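Enquirer: First the structure, which I've put down as structure tokens, then a few questions once you've had a look.
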There are 2 protein chains.
Amino acid sequence: MSTQVLDGLRALVTPSAVLTAPEDKASYLTDWRGREKGDALCVVLPSTTQEVSSIVWACAQQGVPVFPQGGNTSLCVGAIPSPGGSGVVVSLSRLSRIRAVDKADNSMIVEAGCILANIHAAADTIDRIFPLSLGAEGSCQIGGNISTNAGGTGVLRYGNTRDLVLGLEVVLPDGRIWNGLKTLRKDNTGYDLKNLFIGAEGTLGIVTAAALKIFPKPKDNAHAWIGVSDPGAGVSLLSLFQETFDTKITAFEMMSKSEVDIVLRHVPDTRLPLTQPQPWYIVVELSDVQSTANLTAQLETCLQLAAEKGLIADAVIAQSGAQAQSFWKIRHSVSEANKDHGIGITLDIGVPVSQVPGFIARANAAMQSTFPEAEIVIVCHLGDGNVHYIAMFDKRDLRDPAKRKRVQKDLERLVHDIAAEFGGTFSAEHGIGQKLKGELARYKSAVELDMFRALKAALDPAGLMNPGKLLPDS
Amino acid sequence: MSTQVLDGLRALVTPSAVLTAPEDKASYLTDWRGREKGDALCVVLPSTTQEVSSIVWACAQQGVPVFPQGGNTSLCVGAIPSPGGSGVVVSLSRLSRIRAVDKADNSMIVEAGCILANIHAAADTIDRIFPLSLGAEGSCQIGGNISTNAGGTGVLRYGNTRDLVLGLEVVLPDGRIWNGLKTLRKDNTGYDLKNLFIGAEGTLGIVTAAALKIFPKPKDNAHAWIGVSDPGAGVSLLSLFQETFDTKITAFEMMSKSEVDIVLRHVPDTRLPLTQPQPWYIVVELSDVQSTANLTAQLETCLQLAAEKGLIADAVIAQSGAQAQSFWKIRHSVSEANKDHGIGITLDIGVPVSQVPGFIARANAAMQSTFPEAEIVIVCHLGDGNVHYIAMFDKRDLRDPAKRKRVQKDLERLVHDIAAEFGGTFSAEHGIGQKLKGELARYKSAVELDMFRALKAALDPAGLMNPGKLLPDS
């Protein structure tokens, strides 16, 4: 059977686009963190939507599971197959054309394998921006961003990936192509298929192309690095900023001192922007399409008011682009620094914005009594109520993978239960993948799980599309 | 059987909440335009989600169709049952509580029967706005707005209803309640059920409550009434405004001279804001949360630039709130004036923004040769590419309903085909209802129709939820 499948695939694409040697497949079968590995009969690299369609059709005919893969930067082991599998990984990386860029319509049409940073660059050439911004932007692909409804640092102003997509082209589990690539701003003709595929983690079909919203490019901006005493002050400061600047706020990121200390220690050419350390730091960015908006002066006025209200301990406004970049270098180096520093167990909590301080306090207290050896480091997309709650362990303590997994499960349970008490979620922006299927089963109601299964059965009745992801094992 | 159903319902709600007398049922069975009537065994007026759940469960047990109804302002006959039916209309009008308002989270939780204007008022009390704005806001209900993904005049800045909903509570076709009432800004845990129910026109379940986004209230605004020579100038002006004002543009509405003339003729206390008539008019509104934004001056500068570029023929900036209201009175009186004036056949076209001028030119030429007796009046949400293309006939010519329906079908086909050529849609914001099911069958691909049917069968296998709406007859 394997030979038959491989021969069939080699007839559909150039033979060199079917990888079977272990060393060729390896990078496609290992997750981003390097902690998990899966198996597959082969990795196929189609170059067109039609090729994707043919591959999926051929696999469906033979009952072979299909695993779509973008830049393989999933934080939830969503992009690789399970161990022991003999399915086909379909990498979208060769579908990397930008099909159209339209300034008057503020839209682009891109293929799934476009690297996010290349989409940024293409928008830039016509004085527009595509505002999805995240740490992996140099290697993640838009198809993966769409399939996981990626978040990042621009959500407060521009929304999640879901909010940036006007239309999709999808290869369905039976190999048929759905052309939903419209660039319309309004279209009320039937059920919302687009949003069903966005965030479905490739379990309902393979996104092959997307129509995206782009936006006028800001011509003025201002950045501040702010020290605050506690998360409550951060939330009050956010309210003040929202009432003052509304959509001019393009980022409002909060980090614990512990997180910033790790970056400063591990990443060359970084230094604390303030003269004295503070318990919490906030990086704020304001933007405006008017070059005359004078945002730096407005930011200064707002920070003075915040200081008078006792909301901030210290702050520095960037006086140059280089200084602004130095603030962002610290923020963007978090994942890399944490990897160097120890073994971080990262939880992707979301709570209502007003509940962030209460959640952090309760979680810290619980961690202190249950896992006193862990150092808590926190990175928040505060405007979205999204708290990356990271328990950092010494590498020596969690060297044993079995122990690490046990600790991870216990810790997830502890903190996810607290998030649920605050009306929150255990996965704000990272999705489910293989990693959080158990949590989905625990925290979702029976009604909701029934609907998930009904939708999966309706669109992928054979269950061949990215099996083992998102849905709990039944 | 009818008696059994009625007795069952009377046991579930107070008996006076079950209407069976023809005169009591009449207003629930007649569509907004008064052109279509349907039939039902009864109209039930539940007061709680639990009552809705019990009613739907009881109907499901007996195989009785259920027709959810909000304010009954559908423009596509989506809110009334078909003629000859013996199902149950479930009016949500008594579920009208505002359950929560949260300033720090910028969210509200409201029941489905809340009238849109009451939601505006509730947000206003905490210095926030709920930005969904449309002509029927004094009588339409939020459950209907959500079920039809209503658009309106604020979409350019704030998005469609879909973009304003954080979470939903829904009674499913089997009577179970799905509690998805979260107020989270990010939650990537499984398929996007929320967006599936939004715009589903009550065919997958009954929305009983919603968590909504609210926004900081603008503290400065500016309004202009602008005359332009043609739609192309309107699109160029929109681009200039977007690059200058971005999210400060809260409305950008274009009307043909023919439309404004009808309003001026039929609506008391209206007068043209300009000294000379122009072929097209644009009403623009700018808003900012900063009271010191000085938008009127900025608007003046931008209009001067537009005049230098030859984009505008004439313009007046409102010098008072009363004058701004007089601009909006003309815009908001369109439906009422058209009703008085003749028989309007309204098409709800959406095309990419840059295609609006081309679409209008082509449609006008086709109408001129096929329906020369019709007067074309146009109201555009220009920033959304949404063209309300209205063919106005003399009341005497279309007095015969059979003739009116025939003309309507022919005219729809003519103009919808042109919209499709421009990459557009035949229903940008009004939905499908009973009126446009045939068009859905015509313009959607087989792949897409198959997915629609699969989703309907997955969530409403008995087909009892608002039958006869949205999906084409099979």
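Enquirer: Can you name the residue in region A:98-128 that is in a helix (DSSP H, G or I) and open to solvent by 10 Å² or more (accessible area, probe 1.4 Å) and is also farthest from B:GLY232 (Cα to Cα) among such residues?
Expert: Here the residue is A:ALA117.
Enquirer: Can you tell me how many residues in region B:352-376 are closer than 16 Å to B:GLU412 by Cβ and within 14 Å of another protein chain (Cβ to nearest Cβ)?
Expert: 1
Enquirer: Could I ask something else about it? Could you pull out the residue among B:ASP174, B:ASP163 that is of a type in the set (Asp, Glu), over 19 Å from B:GLY71 (Cα atoms) and in contact (Cβ under 8 Å) with a residue 60 or more places away in the chain?
Expert: Step by step, each of B:ASP174, B:ASP163 is checked, and only B:ASP174 is of a type in the set (Asp, Glu), over 19 Å from B:GLY71 (Cα atoms) and in contact (Cβ under 8 Å) with a residue 60 or more places away in the chain.
Enquirer: Looking at region B:134-151, which of the residues that are touching a His at 6+ places or on another chain (Cβ under 8 Å) and farther than 30 Å from B:GLY63 by Cα is least open to solvent (accessible area, probe 1.4 Å)?
Expert: Among them, the one singled out is B:GLY151.
Enquirer: Same structure again: Considering each of B:GLU429, B:GLU412, B:GLU421, B:GLU439 in turn, give the residue that is within 25 Å of A:ARG176 (Cβ to Cβ) and open to solvent by less than 30 Å² (accessible area, probe 1.4 Å).
Expert: Step by step, each of B:GLU429, B:GLU412, B:GLU421, B:GLU439 is checked, and only B:GLU439 is within 25 Å of A:ARG176 (Cβ to Cβ) and open to solvent by less than 30 Å² (accessible area, probe 1.4 Å).
Enquirer: Next question. Would you be able to tell me the number of residues in region B:457-470 that are surrounded by 20 or more Cβ atoms within 10 Å (Cβ to Cβ) and facing chain A (nearest Cβ under 8 Å)?
Expert: Number satisfying all stated conditions: 2.
Enquirer: Quick one: how many residues across region A:12-43 are modelled with pLDDT under 95 and part of a helix (DSSP H, G or I)?
Expert: 2
Enquirer: Answer yes or no as to whether B:LEU75 is assigned to a loop (DSSP other than H, G, I, E, B), under 30 Å from A:LEU156 (Cα atoms), within 14 Å of another protein chain (Cβ to nearest Cβ) and open to solvent by 10 Å² or more (accessible area, probe 1.4 Å).
Expert: Against the criterion (assigned to a loop (DSSP other than H, G, I, E, B), under 30 Å from A:LEU156 (Cα atoms), within 14 Å of another protein chain (Cβ to nearest Cβ) and open to solvent by 10 Å² or more (accessible area, probe 1.4 Å)), B:LEU75 does not qualify.
Enquirer: Looking only at region B:178-208, how many residues end up being assigned to a loop (DSSP other than H, G, I, E, B), within 30 Å of A:GLY154 (Cβ to Cβ) and not basic (Lys, Arg)?
Expert: Final tally of qualifying residues: 12.
Enquirer: Moving on to the next point. Determine which single condition B:ILE330 fails, assuming it passes every other condition in (1) within 17 Å of B:SER256 (Cβ to Cβ); (2) more than 29 Å from the chain's Cα centre (by Cα).
Expert: (2)
Enquirer: Of B:PRO46, B:PRO81, B:PRO131, B:PRO68, which residue is modelled with pLDDT of 95 or more, within 15 Å of B:VAL207 (Cβ to Cβ) and outside any strand (DSSP E or B)?
Expert: So the residue among B:PRO46, B:PRO81, B:PRO131, B:PRO68 that is modelled with pLDDT of 95 or more, within 15 Å of B:VAL207 (Cβ to Cβ) and outside any strand (DSSP E or B) is B:PRO46.
Enquirer: Same structure, new question: Hey, among the residues in region B:178-197 that are among the hydrophobic types (A, V, I, L, M, F, W, C) and more than 7 Å from every other protein chain (Cβ to nearest Cβ), which one's surrounded by the most Cβ atoms within 10 Å (Cβ to Cβ)?
Expert: Looking at the filtered set, the residue picked out is B:PHE197.
Enquirer: Could we say that B:ASP348 is charged (D, E, K, R) and open to solvent by less than 30 Å² (accessible area, probe 1.4 Å) here?
Expert: Yes, satisfied.
Enquirer: Let me ask something additional. Among the residues of region B:344-381, write down those that are assigned to a strand (DSSP E or B), within 20 Å of the chain's Cα centre (by Cα) and not acidic (Asp, Glu).
Expert: Within region B:344-381, B:GLY344, B:ILE345, B:THR346, B:LEU347, B:ILE349, B:GLY350, B:VAL377, B:ILE378, B:VAL379, B:CYS380, B:HIS381 meet the criteria.
Enquirer: Determine which single condition B:ALA428 fails, assuming it passes every other condition in (1) hydrophobic (A, V, I, L, M, F, W, C); (2) farther than 24 Å from B:THR153 by Cα; (3) touching an Asp or Glu at 6+ places or on another chain (Cβ under 6 Å).
Expert: It is condition (2) that B:ALA428 fails.
Enquirer: What residue, among those in region A:157-177 that are in a strand (DSSP E or B) and aliphatic (A, V, I, L, M), is surrounded by the most Cβ atoms within 10 Å (Cβ to Cβ)?
Expert: By that ranking, first place goes to A:VAL170.
Enquirer: A further question on this structure: Could we say that A:GLN50 is among the polar types (S, T, N, Q), under 30 Å from A:ILE129 (Cα atoms) and either within 21 Å of the chain's Cα centre (by Cα) or buried (at least 16 other Cβ atoms within 10 Å of the Cβ) (or both) here?
Expert: When the stated conditions are applied, A:GLN50 does not pass them.
Enquirer: For the structure I just gave you, tell me whether A:GLY8 is at negative phi and surrounded by 22 or more Cβ atoms within 10 Å (Cβ to Cβ).
Expert: no
Enquirer: Can you find a residue in region B:151-160 that is free of Cβ contacts under 8 Å to residues at least 40 places away in the same chain and within 20 Å of A:THR189 (Cβ to Cβ)?
Expert: Yes, that holds for at least one residue.
Enquirer: Which ones in region B:269-301 are farther than 23 Å from B:GLY234 by Cα, open to solvent by 50 Å² or more (accessible area, probe 1.4 Å) and not small (Gly, Ala, Ser)?
Expert: B:ASP269, B:THR292, B:ASN294
Enquirer: So for region B:210-228 (the condition being touching a residue at least 40 places away in the same chain (Cβ under 8 Å), within 11 Å of chain A (Cβ to nearest Cβ) and under 30 Å from B:ALA60 (Cβ atoms)), does at least one residue qualify?
Expert: Yes - at least one qualifying residue is present in region B:210-228.
Enquirer: Can you list the helices (runs of 4 or more DSSP H) lying wholly within region A:383-474 that have 3 or more residues being modelled with pLDDT of 95 or more and aromatic (Phe, Trp, Tyr)?
Expert: none
Enquirer: Every residue in region B:442-452 that is surrounded by fewer than 16 Cβ atoms within 10 Å (Cβ to Cβ) and more than 8 Å from every other protein chain (Cβ to nearest Cβ), please.
Expert: Once the filter is applied, which keeps residues that are surrounded by fewer than 16 Cβ atoms within 10 Å (Cβ to Cβ) and more than 8 Å from every other protein chain (Cβ to nearest Cβ), region B:442-452 yields B:ARG442, B:ALA446.
The values are calculated or read from the model by the stated rules, or taken from the named source; none is laboratory data. Not measured: the values here are computed from a predicted model. Virtual Cβ from ideal backbone geometry, glycine too; neighbours counted across all protein chains shown. Note: areas computed on protein heavy atoms with side chains; ligands, DNA, RNA excluded. Shrake-Rupley method; radii C 1.70, N 1.55, O 1.52, S 1.80 Å.
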